[in-house]
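In what follows, a structure is listed as structure tokens, so that the remarks can point back to it.
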Amino acid sequence: MRALIRIAILSLWISSPAPAATLAFQNFGQEIQLLQQQNHYVVAGSGQAVRIANRLIVQVSPALERAALAQRHSAIDQVTLLFEGNRSKYFMLTLTADADLSAVLEDLSKQENILLVQPDLLQLTQRAHTLNTAAAPAQDFLPAGQRNQLWRHSRGKGVKIAIIDDGFDLSHPALDSTQLAFSFDTETRSLTAAPLHPRDWHGTAVAGVLFASDQPGRIQGLTPDAELIAIRQPDSWTSNTLLAFHLAALAGADVINCSWTTPLLLQPVADAVRVLAQEGRHGKGIAVVFAAGNEGHAIPARSSEASIDDAIVVAAADAQGQRLPASNFGYSVDLTALGAAVESTAASGGYTPFGGTSLAAAIVTGTAALLIGADPDLNLSTLVSRLRDFTAHATPTPATPYFAERVNAQH
């Protein structure tokens, strides 16, 4: 497995942004224009700020091999596989320093067996966490008796949970017994996922919900016997997101936790989630769990990762089952779980308040892992149905309007 992973990440590196006045590319069949403003770009119409580099993300049919792709344009300096499914592959093309990014993009878009071409974009990633200083020191993530019911069948043994986040302090006393299956840092291209900056705390808090060992008066992780695939991704380059998903699948992930969203949903990311959900786990489907976000608004179609149909999207409720005012909602939300703040593991070695849809997504991730541990043959559709049963019990009051919206949208 590690050999395959090393091949997948071989020679992948970040290069400096290449100058270009205006860029246009296709995304879900619609044209997006990027307008240059000093050292960054903005998306025309929305004003969303992004950065680019002299790299392209290219989706190709299986018939087009890597070596042949490298010959498609003289400006291509390096070709790196990012993600692969049964019906297509995604490559990153690193261009020569003097390449005209817009011209190369347009040229490649017209060529046979090339299905999609986009610039490699960096967006501001939104961690789906809300701070609440009145956090409960210890909190049952599931209703009384429900975790014990699940634990009678599984504590996560044999299940691999991938967390894609900003770093993981596994030296924390509550996490030092975590079974680490694989770790990788998309920023440094190294086989570690430890936090590198003071702002890298979110992943450690997510890990605490799942893997924290029993400490007096502190949280007990939902899946103490599961294995962790820790992938540090502190940025949102499209290339890094695709690579993170690819590595999680190669490492054998059964569930992937993404307690974050970006402001602009890009087609390659949605496509990768679709492939994981439909083809992953030997055809049974990998559960890719996204937080709904904490802006308190309805989620528009194709607006962020929380609008992906093939993802499991989780909103947040309080202890009484009422949707938190800050939690996003909408037709794409599948489940709701506890989002009222608790104390989870901190990268400093202590504990930190942690709540919102990040917490809710982590709880659903853990519940999914326990259900898979009890029945490894569960396919994704059946898994989601069973998750709905558990979260319906977790939120007994009619907390949200979006369940009705989702049903109405399907008829």
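Please treat every number below as a calculation from the coordinates, not as lab data. Here the structure is a predicted model, which is why all the values come from computation and not from measurement. For neighbour counting, all protein chains shown are included, and Cβ atoms are generated from backbone atoms with ideal geometry for every residue, glycine included.
Cα to Cα, under 27 Å, and not fewer than 8 places away if on the same chain: which lysines meet these conditions relative to LYS157? Excluding near neighbours in sequence, the set is LYS284. Here each label is just a point 7 Å from Cα along the line to Cβ, and for ASP107 and ALA70 those points are 1.8 nm apart. About the centre of its Cα atoms, the chain shows a dipole size close to 520 debye [charges on the beta carbon of Lys, Arg (+1) and Asp, Glu (-1) only; nearest 20 debye]. Can you compute the FRET efficiency between GLN78 and ASN39 using 1/(1 + (r/R0)^6), with r the Cβ-Cβ distance and R0 = 25 Å? Round to the nearest 0.05. Efficiency computed from Cβ-Cβ geometry: 0.55. Measuring r between the beta carbons of GLN26 and LEU191 and using R0 = 41 Å, the FRET efficiency lands at 0.70.
Translational diffusion of the range 162-302, estimated by Stokes-Einstein from the Kirkwood radius over alpha carbon pairs at 25 °C in a medium of 0.890 mPa s, is 157 µm² per second. Across every pair of non-identical alpha carbons in the chain, the mean reciprocal distance, once inverted, gives a Kirkwood radius of 21.5 Å. For the range 126-409, the residue among GLY208, THR365, LEU170 whose Cα projects farthest onto the positive side of the dipole built from Cβ charges is THR365. For LYS160, the aspartates and glutamates whose Cα falls under 13 Å of its own Cα, not counting residues fewer than eight places away in the same chain, are ASP225, GLU227, ASP254.
Within the same chain, lysines fewer than 8 places from LYS110 are excluded, and of the rest, those with a Cα less than 19 Å from its Cα are LYS89.
Estimated at 0.36 nm per residue, the fully extended path between GLN179 and ARG386 surpasses their Cα-Cα distance by 71.9 nm.
If you take the alpha carbon atoms of the range 140-182 and fit the smallest convex hull around them, that volume is 115 Å³ per residue. Taking packing as the residue-averaged number of other Cβ atoms within 10 angstrom, the listed peptides 310-317, 151-158, 40-47, 218-225 run from highest to lowest as 310-317, 218-225, 151-158, 40-47.
Summed over qualifying helices (DSSP H, 4 residues or more, each -39500 (n - 2.57)) and divided by its residue number, the chain shows a 222 nm mean residue ellipticity of -7500 deg cm²/dmol.
Sorted on the mean count of surrounding Cβ atoms within 10 Å across their residues, most packed first, peptides 271-282, 63-74, 364-375 read 364-375, 271-282, 63-74.
Hey, what angle do you get for helix 356-374 against the long axis of the chain, alpha-carbon based, 0 to 90 degrees rounded to 10? The angle comes out near 80 degrees.
Taking the longest Cα principal axis of the chain as reference, the axis of helix 380-394 is set at about 40 degrees.
Just so you know, the Cα atoms of the range 161-222 work out to an Rg and Dmax of 11.5, 38 Å. Structure remark: mean-square fluctuation, Gaussian network model of the chain, C-alpha springs under 10 Å; the largest value among VAL288, VAL206, VAL50 belongs to VAL50. Reported to the nearest whole Å, the Cα centre-to-centre distance from the range 45-111 to the range 317-381 is 36. Put in order of Cβ neighbour count within 10 Å, fewest first, the listed residues GLU295, GLU31, GLU343 become GLU31, GLU295, GLU343.
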